[in-house]
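Only one structure is covered here, and it is reproduced in the block below.
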Protein chains: 2
Amino acid sequence: MIEKKVLRELYSRLGKEKVFSDREYMLAYSYDATAMEYWPDAVVFPTREEDIAEVLRICSERRVPLIPRGAGVGYSGGALAVQGGVVLVFTRMNRILRLDAANFLAEVEPGVITADLQAAAEKRGLFYPPDPASLKTSTIGGNVAENAGGPRCFKYGVTGNYVLGLEAYLFSGEKIRLGARTIKNVAGYDLKSLLIGSEGTLAVISKVLLRLLPLPPLRRLFWVDFATLATGAQFVQKVIHGHIQPAVLEFMDRRSLQAVYAYQRMPLSEKTGAAVLVEIDGSPAEVAEREMVLGKIIESSGPVGWTQAQTLAEQEALWQTRRNISPAIALLKPRKINEDIVVPAALIPEMVSFIEALAAEHELCIVLFGHFGDGNIHTNLMVDPADNDEMKRAEIVLDKLFRRVVELGGTISGEHGIGLSKKPFMHYQFSPVELELFRRIKAVFDPDNLLNPGKMF
Amino acid sequence: MIEKKVLRELYSRLGKEKVFSDREYMLAYSYDATAMEYWPDAVVFPTREEDIAEVLRICSERRVPLIPRGAGVGYSGGALAVQGGVVLVFTRMNRILRLDAANFLAEVEPGVITADLQAAAEKRGLFYPPDPASLKTSTIGGNVAENAGGPRCFKYGVTGNYVLGLEAYLFSGEKIRLGARTIKNVAGYDLKSLLIGSEGTLAVISKVLLRLLPLPPLRRLFWVDFATLATGAQFVQKVIHGHIQPAVLEFMDRRSLQAVYAYQRMPLSEKTGAAVLVEIDGSPAEVAEREMVLGKIIESSGPVGWTQAQTLAEQEALWQTRRNISPAIALLKPRKINEDIVVPAALIPEMVSFIEALAAEHELCIVLFGHFGDGNIHTNLMVDPADNDEMKRAEIVLDKLFRRVVELGGTISGEHGIGLSKKPFMHYQFSPVELELFRRIKAVFDPDNLLNPGKMF
C-alpha cells in the first residue's frame, strides 16, 4: 500500500479527473487478458507528456512502483501491478499527432488504438501493416511494449519493424529520444530496439514515430481445406516458394475448426482435417498473376475444398471465422493455457505431430491454430483448474513443449511476451549468463526496480 | 605494448600459423578505409570457435584490449586498435555452415564475404538482400557490427533486418546465444538488436543466423538524367507513391557525374544536373507492370534523357559507373571527408540546397550522391589536409551540417557507424543522458572497457 501523502500529491499535481484510487477503479485495473488479478493503489490517466513526467517524479521520489498500461488486453500479465503502486493508463493519450505522406511517417501518442491508426493511414493511401488480433482495442504503446505480431507479419514484419523512433522517460524522470525519422540509422547503440518488446520495464514510452507503407490497392483472400495438417503444410511450402509473397498464411487444426464451426452454427465436413487461410495483395497485375499461380498451387495440392472471397463482405466473414476461434475454444473448458510458441516454419508439421502425440499421451485437449508462414503456433491447453490431475498433466506437457521448441531453434513466445505468465519458462530459452545480462540491463535503466517490477525474469 | 608473456601464451595456445606480431603484420592491420593508423601488438586469425574463446580468456586474464575485425574496409575506424592490443581477424572463419531453403535461413561464420553468401544463396533460388558498396570484400560479421546498408535497403531493409540470431562471446569468455531461427521472437530483452551495430564493443560475434528471401526472378535497371536534383526529387516522390516498390533509388549530383564520367573517359552533357538510378524487381508480370508505370512516370517528369539497361552486361555497366563514383571523386583532392548523413526522404532537396549553399559560402568542394529512397546522403567534403584554412572551413561546415541533420529529424550516420571518425559528433544527436546510458550498457557487457575500447562515445 502506498502512503496517503503520495495519493494526495498525485491528486494535487494532476487533478482528480486524472487520478483514481477508489475500489471500483482498482478492481477494473487489476486485470488484463490473463486470469490473474493484482490490485494497484492508484490509477492515473495522463493526457499530456507533462503528466507522465509529473507521475514519474512523484513515484521516483516516493519509491512507488509504476506500471505503464495500454488497453490492458495483453496475454502475459505485462500490465498487472504485482507489487501494487500506480498504474499509468495511456488510453487518453490517443492523438495521431502527424501523418506525413511524403515521408511515410506517423507520429502518435502511445494510447492510439491500432485500428484507428490503420484507418487514418488508409484514408491517405498509406498502410500500417502490423495487425495483432486485438487491433480494435490494443494500443500502439502496448503493441510496441510487447512487439506485437499478427497474421500479416509473415510478409510485413512485426511492430518493431515499423518503429523508427521513440520518445520515452526513464524512471528517474529524465527524457530520452531514440531513433530518427529515417529508415537507416546506425549512430550509437540501438536502444530503440532494446525498448521495443521490453514490456514497460525499462522506460515509459511517451511518443512513437512509425514507418508507413503505400497502401496495396488490392487484396484477395482464399480459404483452403485439407484432409490433414501435413498436406496443408506441403501446400504452404509451395506457396512460399511460388513467388506470390502471400501477406497472410494462417492455419487451423481440426479442433479449432470444430469449435468455431459449432460456435457459428455451421456444419463441418468430416473430411476436413485442417484449413489454411491465404491472403495476397498488390497492384491489379500483381494480384491477377498471384491469383493465377495460387489457383494452380491449390489445385495441385489435393485440397478437400477451397473458396475465394468474392467481395469485401465475404473477406470479412472469413476473417471473422478465424478471429472467432479464440472465443469459440474458450467454451470448451473453464481455462485456456495459451502459449504462442514459434518454430522454423518448415518444422510446423513435425512440431504439430509432436504436440498431438503429447496431447494423446497425457490425455489433454490441445487446440492449435496460428501463423503458418512464420512458424507461430498458438498452442491452447484446454483445462479445468479444479481438476488437479489435469493441471499436473498440463504442467508436464508444457515442460516437454518448451524443451522441444528450444531444441528446434524456436522461441517460447512469438507475440504475447513474457510478463508474469511465461516468466517461469524463461530458463528454457535463456542461460543463467543471458538472464544475468537482462537483470543488469534492467538495472541500468531502473536501478531500484520500481518500473513494472516483477516481470519477465 | 602488451607483455612478452601474453604473446608467448597466444603462440603456445593457438599456434604460430594463427598468431602474428611481426612489423609487417602490425602495419597491415593498423589501417582500415579511413586515413587513420593505430598499431596493434598482435594479430590473431581464429579458424574455429574455440580459438575465439581461447583469445578472450587470455586477453581477459591479462587485461589486454581485443579488437574484432572483418575485412577492415570500414569508413569509421571501428576495427582500429586505438589502445593497441590484439586484433582478432575473422577472414579465416568464412564458412557458410548451412543454407536451409525450406526455412529460408543461412547460418554463417562471421568472416564470410557478403557477395559469397549472396552467390551461394542465388544458386539455391534464395536471396540475401543487403548490399553495402563493399560487398565484394566486406564480411557478414563486419556488416552486422556496423549494421551495414546499401542501395537495396530502401525496399529490403538493412543488415539488421536479416539477422535472426547471433552467437557471441562476452569479453569474460562466456558465450551467449541471442534470437532464434524464427522471424517472430519476443522472449526477453532484444539483446540481438543491441549487438547489431554495436561496432564490436559489446561482444565478439562467433556465428550469424540470417533470414533469406525467395530470389526475385527478374530485375530491371533505369538511369534517368535530370536538369536539376530538385526535378529528380519530384520524380522520386512519384515513383515511391506509384506502387512500383523500387528496389533501388540512387542519386548522383552534377559533381559526382563530372568526376565519374571523366574517370571513365566519357562525355557528360551540359544539360545534366543530376542522375537517378532506379531498379525494379519481381515476377515477370510484376516487372512488366512496373516497367510500364515507371516509363510513364519518367516521361511525365521531364528528364534530360534516360536509358534502360537491356542486358545483364548493361545493368552491370550502369552499376559500375555508380560504384566508380567513390574512386573517381577521390582523385579530386588529397582527402575525402566522408559523411553519411540521413534525413527524411522527402527533405532531400531541402538538405541538398542547404549543403550547396554551405559549400558556396565556405568555398568548399562538396560532392553528393546517395540513396534517394531512404534519405541517405553521402556528403563528401573534398579537402587538402595541408591547407589549414580549408580544413578549418570544413570543420565549420560539418558543425552546421550535423546541426541541420538533427533539426530535420535525421541521423549523423546511416551506414558507416561512429567508430573513431564520427565520435566527436555524437553530441549533436544524443543528450548527456543518452550518452550516459550508452556508457552504462557498455559497462554491463565489458566492465573493464577492454573490448574495442575508445570507440563510439
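The values are calculated or read from the model by the stated rules, or taken from the named source; none is laboratory data. Remember, predicted model here, so these are calculated numbers, not experimental data. Don't worry about glycine lacking a Cβ; one is built from the backbone with ideal geometry, like all the others, and counts go over all protein chains shown. Quick note on the areas: whole protein, heavy atoms, side chains included, nothing else; ligands and nucleic acids left out. Shrake-Rupley method; radii C 1.70, N 1.55, O 1.52, S 1.80 Å.
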Next on the checklist: Could you go through the range A:6-24 and let me know if any residue there is surrounded by fewer than 19 Cβ atoms within 10 Å (Cβ to Cβ) and closer than 27 Å to A:PRO327 by Cβ.
Outcome noted: yes
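Just to be sure before I move on: is B:ASP446 at pLDDT 95 or above, of a type in the set (Asp, Glu), under 30 Å from A:SER172 (Cβ atoms) and out of contact with any Ser or Thr (no Cβ under 6 Å at 6 or more places or on another chain) in the structure I sent?
Against the criterion (at pLDDT 95 or above, of a type in the set (Asp, Glu), under 30 Å from A:SER172 (Cβ atoms) and out of contact with any Ser or Thr (no Cβ under 6 Å at 6 or more places or on another chain)), B:ASP446 qualifies.
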Item to check | Condition met for B:ARG181 (charged (D, E, K, R) and either closer than 20 Å to A:LEU435 by Cα or within 8 Å of chain A (Cβ to nearest Cβ) (or both)) | outcome: yes
Checklist entry - Any chance the range B:159-176 includes a residue that's over 24 Å from B:LEU56 (Cα atoms), part of a loop (DSSP other than H, G, I, E, B), within 8 Å of another protein chain (Cβ to nearest Cβ) and open to solvent by 10 Å² or more (accessible area, probe 1.4 Å)? => result no
Next on the checklist: Within the range B:60-98, take every residue that is touching a helix residue (DSSP H, G or I) at 6+ places or on another chain (Cβ under 8 Å) and not in a loop (DSSP other than H, G, I, E, B) and give me the one that is most open to solvent (accessible area, probe 1.4 Å).
Outcome noted: B:ARG62
Checklist entry - Taking the range A:102-139 only, how many residues are under 27 Å from B:HIS241 (Cβ atoms), of a type in the set (Val, Ile, Thr) and surrounded by fewer than 23 Cβ atoms within 10 Å (Cβ to Cβ)? => result 1
Item to check | Checking B:LEU66 against (1) modelled with pLDDT of 95 or more; (2) more than 12 Å from every other protein chain (Cβ to nearest Cβ); (3) closer than 23 Å to B:ASN324 by Cβ, the condition it does not meet | outcome: (3)
Checklist outcome for this item: Scanning the range B:30-59 for residues that are among the acidic types (Asp, Glu) and closer than 30 Å to B:THR379 by Cα, the one most open to solvent (accessible area, probe 1.4 Å) turns out to be B:GLU37
Checklist entry - Considering the range A:7-19 alone, what residues qualify as being of a type outside the set (Ser, Thr, Tyr) and either out of contact with any helix residue (DSSP H, G or I) (no Cβ under 8 Å at 6 or more places or on another chain) or outside the structural domain of A:ALA79 (by TED's automatic domain parsing) (or both)? => result A:LEU7, A:ARG8, A:GLY15, A:LYS16, A:GLU17
Checklist entry - Does the range B:235-257 hold any residues that are away from chain A (no Cβ under 11 Å) and surrounded by fewer than 19 Cβ atoms within 10 Å (Cβ to Cβ), and which are they? => result B:LYS238, B:ARG254
Next on the checklist: Among the residues in the range A:258-267, are any surrounded by 17 or more Cβ atoms within 10 Å (Cβ to Cβ), at pLDDT 95 or above and within 16 Å of A:PHE222 (Cα to Cα)?
Outcome noted: no
Next on the checklist: Criterion first (outside the structural domain of A:TYR29 (by TED's automatic domain parsing) and in a helix (DSSP H, G or I)) does A:ALA102 satisfy it?
Outcome noted: no
Checklist entry - Would you call A:HIS362 touching a Phe, Trp or Tyr at 6+ places or on another chain (Cβ under 7 Å) and open to solvent by 10 Å² or more (accessible area, probe 1.4 Å)? => result no
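Residues of the range A:398-441 being open to solvent by 10 Å² or more (accessible area, probe 1.4 Å), assigned to a helix (DSSP H, G or I) and more than 10 Å from chain B (Cβ to nearest Cβ), which ones?
A:LEU398, A:ASP399, A:LYS400, A:ARG403, A:ARG404, A:GLU407, A:LYS423, A:PRO424, A:HIS427
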Next on the checklist: Name the residue that is most open to solvent (accessible area, probe 1.4 Å), counting only residues in the range A:141-155 that are assigned to a loop (DSSP other than H, G, I, E, B) and away from chain B (no Cβ under 11 Å).
Outcome noted: A:ARG152
Next on the checklist: Which numbered condition in (1) modelled with pLDDT under 95; (2) surrounded by fewer than 24 Cβ atoms within 10 Å (Cβ to Cβ); (3) within 28 Å of A:VAL186 (Cα to Cα) is the only one that B:THR228 fails?
Outcome noted: (3)
Checklist entry - From B:GLN310, B:GLN315, which residue is away from every other protein chain (no Cβ under 14 Å) and in contact with a Leu (Cβ under 6 Å, 6 or more places away or on another chain)? => result B:GLN315
Checklist entry - Within the range B:380-397, can you find the residues that are surrounded by fewer than 24 Cβ atoms within 10 Å (Cβ to Cβ), within 13 Å of B:ARG335 (Cα to Cα) and in contact with a helix residue (DSSP H, G or I) (Cβ under 7 Å, 6 or more places away or on another chain)? => result B:MET382, B:VAL383, B:ASP384, B:PRO385
Checklist entry - Looking only at the range A:315-344, which residues are of a type outside the set (Val, Ile, Thr), open to solvent by 20 Å² or more (accessible area, probe 1.4 Å) and over 18 Å from A:LEU257 (Cα atoms)? => result A:PRO334, A:ARG335
Checklist outcome for this item: Note on B:SER138: of the conditions (1) over 20 Å from B:ILE412 (Cα atoms); (2) at the interface with chain A (Cβ under 9 Å from one of its Cβ atoms), unmet is (2)
Item to check | Residue match in the range B:107-125 (condition: under 28 Å from A:PHE154 (Cβ atoms), touching a Leu at 6+ places or on another chain (Cβ under 8 Å) and in a loop (DSSP other than H, G, I, E, B)) | outcome: yes
Item to check | Tally, over the range B:442-454, of residues that are open to solvent by less than 30 Å² (accessible area, probe 1.4 Å) and either within 11 Å of another protein chain (Cβ to nearest Cβ) or on the phi > 0 side of the Ramachandran plot (or both) | outcome: 5
